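Below: the structure, in structure tokens.
The values are calculated or read from the model by the stated rules, or taken from the named source; none is laboratory data. Computed from a predicted model, the values in this text were never measured in an experiment. All Cβ positions, glycine included, derive from the backbone under ideal geometry; neighbour counts span all protein chains shown.
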Amino acid sequence: MRKDWILDIAIGISSIFIFAAMMLFLPTIMPEAFGYVAAFLIFVLYLTIMGLFVIRRFVGETPQKKVKN
């Protein structure tokens, strides 16, 4: 049974927590508008990087590559 979906759920939940923390924290140290935009950009960047990680790690592997010595 494949359990790759657990990583996807962990990434999704952690991204929500990161976004919430940045939404609360960044507007207090920057001007409000820039803080909210920075929080959103960090959220998008995190999801992009983690998505690329998952694609390279799990989707990019084929059975032929695993058998290779």
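Worth pointing out:
- Restricting attention to segment 15-69, the residues that are loosely packed, with under 15 Cβ neighbours inside 10 Å, of a type in the set (Phe, Trp, Tyr), closer than 23 Å to Trp5 by Cα and modelled with pLDDT of 95 or more add up to 1.
- Segment 1-57, residues that are over 15 Å from the mean Cα position of the chain (by Cα) and of a type in the set (A, V, I, L, M, F, W, C): Met1, Met23, Leu24, Phe25, Leu26, Ile29, Met30, Ala33, Phe34, Val37, Ala38
- Pairs where the first residue, in segment 10-26, is on the phi < 0 side of the Ramachandran plot and assigned to a helix (DSSP H, G or I) and the second is surrounded by 12 or more Cβ atoms within 10 Å (Cβ to Cβ) and of a type in the set (Val, Ile, Thr), C-beta under 6 Å, 6+ apart: Met22/Ile42
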